[in-house]
Every structure is written in C-alpha cells, then in structure tokens.
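All of the numbers you see were taken from the coordinates with simple rules; none came from a lab. Computed from a predicted structure; not experimentally measured. For neighbour counting, all protein chains shown are included, and Cβ atoms are generated from backbone atoms with ideal geometry for every residue, glycine included.
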Amino acid sequence: MAAERTFIAIKPDGVQRGIVGEIISRFERKGFKLVGLKQLIPSQSLAEQHYAVHKERPFFSTLVNFITSGPVVAMVWEGEGVILSARKLIGATNPLQSEPGTIRGDLAIDIGRNIIHGSDGPETALSEIALWFEVSEVTDWIPSDYSWRTEK
Ligand code: UDP
C-alpha cells in the first residue's frame, strides 16, 4: 500500500508574517516526512479549483483573492495517519476556537487569516496533491533516523 500523504499549504498571511519555519518545524518535530515543497503565487484558476467546494459560499471570492494575493508555501507530507494528524496539528478553522497548542490556536486570530490549509480526507488529499504538484516534484526518500520514528 502506498504511504499516506497529505497536502498542506501555508497561506499568504503565514508567509508574510514570517512563520513558515515555525510551521514546518511542527510537522518535522512530530515525525512526518516532507516529500514535496515549493513556493508559488497561485493563479486564479488554481485557487478556484482548490476551493471549488466553496464556490457558492459568500466568502468564496474574498478567499480566492486572498490566496492569490502573495506567495503560498505548498507542501506534501507523508506518514501513517498524516491526514488526520495534520488536521489536529492545524486546529479548528476559526482560530479563536482552535485549541492552544495547535498551529491556528497558537498563531492566528481570524478565520479569514488562519495561515494554513490541510486536506480534510483521503480523497481530497489525493486530488489536492495532484492539483498542486507534478509527480516529479514529489520525492521518495528515507530519513536516516526513520527506525527511531516508527517500529514498522
Ligand atoms: N473561510 C472564511 N470564512 C468562513 C469560512 C471559511 O474565510 O466563514 C476560509 C478559511 O480561510 C478556511 C477556508 O475558507 O480555512 C476553507 O474553509 P474550510 O471550511 O474548508 O476550512 P479548513 O478546512 O481550512 O479548516
């Protein structure tokens, strides 16, 4: 079975606020493996496809304008249970309701500036990775301390 992967994006507010390193560090320290990483300013089309599920919502155009307003750090993280675990690390959508200790709970205050995106399930993870990354941009590698992270 292929290793579980998820799509994580640090939104323009996270990049502008200089907390990219802090956010990446939380995933690294947890023990997940970074297998894809790039910075880009998303096109209108990419942003609209990424948030297509929200296209009828009142915040859709504001959200698309925001996500295309500056650099986004797009990532693929790998590890057993990474999809759900990343959502827990990230915290609730509204940062005022995110638990302390989560990324949004510690580092954000506004639902429209909640600094990070993470895929919400296995199908979304697959489609978002395919939307943001070429196959050749995702790297298979084994961390040298791998056997100290997991028994399997
Ligand atoms: N969002 C917003 N206003 C809302 C709800 C959502 O601006 O009332 C934005 C917010 O940036 C959120 C994104 O839309 O992260 C996607 O919403 P979703 O419900 O998928 O939340 P997420 O999966 O990011 O926690």
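For the Cα trace of the chain, dividing Rg by the Kirkwood Rh returns an Rg/Rh value of 0.95.
The ranking of 89, 131 from fewest to most other beta carbons within 10 Å of each one's beta carbon is 131, 89. Projecting the Cα atoms of 101, 131, 148 onto the dipole axis of segment 69-149, where Lys and Arg carry +1 and Asp and Glu carry -1 at the beta carbon, places 101 farthest toward the positive end. Of the residues 68, 25, 46, the one whose Cα sits farthest toward the positive end of the charge dipole of segment 5-133, with +1 on the Cβ of Lys and Arg and -1 on the Cβ of Asp and Glu, is 25. 3J(HN,Hα) couplings calculated from phi for segment 134-143 with the Karplus curve 6.51 cos²θ - 1.76 cosθ + 1.60 (θ = phi - 60°) are, in sequence order, 6, 4, 5, 8, 9, 9, 8, 7, 10, x Hz; Gly and Pro show x. As a proxy for reagent exposure, ranking 148, 77, 132 by other Cβ atoms within 10 Å from fewest up yields 148, 132, 77.
Of all the options 115, 103, 41, the one that moves most in a Gaussian network model of the chain with Cα springs shorter than 10 angstrom is 41. In plain terms, the chain from residue 92 to residue 49 could stretch by 13.2 nm, reckoned as 0.36 nm per residue minus the Cα-Cα distance. Of 95, 12, 58, the residue with the greatest mean-square motion in the GNM of the chain, using alpha carbon springs below 10 Å, is 58.
One chain, two ends: residue 148 and residue 99. Fully extended at 0.36 nm per residue, the span grows by 14.8 nm beyond their Cα-Cα distance. Peptides 30-37, 120-127 ranked from most to least packed give 30-37, 120-127, packing being the mean of other C-beta atoms within 10 angstrom over each peptide's residues.
The stretch between residue 123 and residue 34 holds 30.1 nm of extra length on full extension. This uses 0.36 nm per residue minus the Cα-Cα distance. The mean sequence distance of close C-alpha pairs (under 8 Å, at least 6 residues apart), as a share of the length of the chain, puts its relative contact order at 34 percent.
For the options 57, 113, 87, a Gaussian network treatment of the chain with springs between C-alpha atoms closer than 10 Å singles out 57 as fluctuating the most.
Taking every DSSP beta bridge that has both residues in segment 5-133, what percent is antiparallel when rounded to the nearest 5? If we restrict to bridges inside segment 5-133, about 95 percent are antiparallel. With K and R counted +1 and D and E -1, the other residues having a Cβ less than 10 Å from that of residue 3 yield a net charge of -2. Placing +1 on the Cβ of every Lys and Arg and -1 on the Cβ of every Asp and Glu, with nothing else charged, gives segment 5-133 a dipole about its Cα centre of roughly 180 debye.
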